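Have a look at the structure below, then the notes.
Rule-based calculations on the coordinates, nothing more; no lab input. None of these values were measured; they are calculated from a predicted model. Please note: Cβ atoms are built from the backbone with ideal geometry, for glycine as well, and neighbour counts cover all protein chains shown.
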Amino acid sequence: MARHRSRRNRSALSSLERLLSDRAGIPWERPSEGLRARIDRAVDETSPFQSPIPLELPWLRSRAWPHALAAALVLAAAGGIGWLASRPSPAPRASMARADTSAPAFAGAPSTSLSLGHTVQEDRQAASAPLTPTSHLLPLVREVELFRADAQRTLGEVFSRIPIFDPR
Amino acid sequence: VPSASAEALAVRAGVGDSTARECFGELVARYQVRLFNFLLRRVRSRHDAEDLTQEAFVRAWERIRSYDPTWRFSTWLFTIGSRLAITRHRRSRPCAGSGAVELAAALDSRPSQAGSQVWRLAAKCLSDEQHTALWLRYVEELSIEEISTVLDKSQVAVRVCLFRARQSLATRLTDSRTLDEVPLRVAGAALAGGV
């Protein structure tokens with residue numbers, strides 16, 4: 001009984017498919033006569049080739065994402081390096097105080113004052129003196145500045161190739 | 001231009017040379033009625049369907065440069081139309097049933113061919129989504145994948161939607177042989193002939 005119903009159902013469905021696929025029986029409706037003129041008028045008023053800003057955002061398309069990702073990575077790397085470069089370097093281990101066992105024994109009173117505190121005049125002089133790196137740090141500073149300029153130029157080139165920053 | 005495929009015309013229109021507008025005009029001529037009929041099944045009102053047809057062609061013209069020729073032009077155009085219909089539906093919320101009555105009344109004036117009566121019944125008893133999916137499958141002959149793109153649904157959802165629509169129609173048509181609906185008897189009899 002169930003098999004019979006199933007067979008009948010399948011047969012009804014295949015007949016229905018035949019009716020639906022019958023091209024002569026498709027009830028096409030005609031739009032009003034003025035629709036074509038309305039469409040032409042509206043299309044003529046808009047142009048996809050004169051718009052200064054593309055309506056379709058190109059950076060949303062999947063093809064643009066690798067570029068955006070690369071730019072983000074470069075930006076993150078440059079930021080990380082810049083941050084590392086701007087951090088104060090730790091005191092060099094080599095210059096740390098060491099116990100010198102070969103020091104000569106105390107022979108007499110020192111010629112200079114042993115006072116630990118600075119005088120007011122010395123403090124003022126120190127405050128007004130320009131902050132210049134010591135001579136052994138100069139090559140390193142120059143290197144960092146060169147690297148920073150190089151990174152900025154590279155970033156500029158990368159950004160100029162990303163469509164979102166394209167002035168067109 | 002008249003012999004070129006729709007996809008080739010769309011690509012040429014997207015290039016933006018002197019023939020771009022002419023190519024797009026040919027596309028409007030070819031797809032105006034088809035898009036209107038699809039949208040009529042979607043919104044069930046002639047006035048709304050005409051407005052949406054116009055709006056969809058304008059939107060297609062604006063975005064013609066982004067058309068990907070790996071897709072059929074009809075799929076791309078119907079997707080634009082379908083999304084516009086959804087947006088309009090969200091904005092306006094028309095009173096339920098009025099459009100269905102309008103479409104059914106338009107189809108009632110048709111000669112009583114079996115095929116057209118099936119479509120008349122579909123307009124009456126199926127949901128908008130089922131009716132549209134059925135239209136895209138059998139009239140526009142789109143694949144399941146293409147229908148899922150146009151309706152923004154998964155392929156499984158489209159298959160289920162089509163299955164339910166066919167089941168519902170078959171049941172209605174089988175039952176109509178016992179009802180007093182004269183126009184439906186033609187389709188019902190055709191179905192019975194198949195059985």
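Between the range B:16-77 and the range A:14-44, what is the C-alpha centre distance in whole Å? About 13 Å separates the Cα centre of the range B:16-77 from the one of the range A:14-44.
Counting other Cβ atoms within 10 Å, which trypsin sites (Lys or Arg not before Pro) in the range B:21-61 have at most 16 and lie in a DSSP loop? Please report the intermediate quantities before stating the final value.
Working: sites: B:Arg21, B:Arg30, B:Arg34, B:Arg41, B:Arg42, B:Arg44, B:Arg46, B:Arg59; in loops: B:Arg44.
In loop regions of the range B:21-61 (DSSP not H, G, I, E or B), there are no sparsely surrounded trypsin sites (Lys or Arg not before Pro).
Applying 1/(1 + (r/R0)^6) with r as the Cβ-Cβ distance of B:Asp152 and B:Thr70 and R0 = 22 angstrom yields a FRET efficiency of 0.75.
Computed 3J(HN,Hα) for the range B:4-15, one whole-Hz value per residue from the Karplus formula 6.51 cos²θ - 1.76 cosθ + 1.60 where θ = phi - 60°, is 6, 6, 4, 5, 5, 5, 5, 5, 5, 5, x, 5, glycine and proline marked x.
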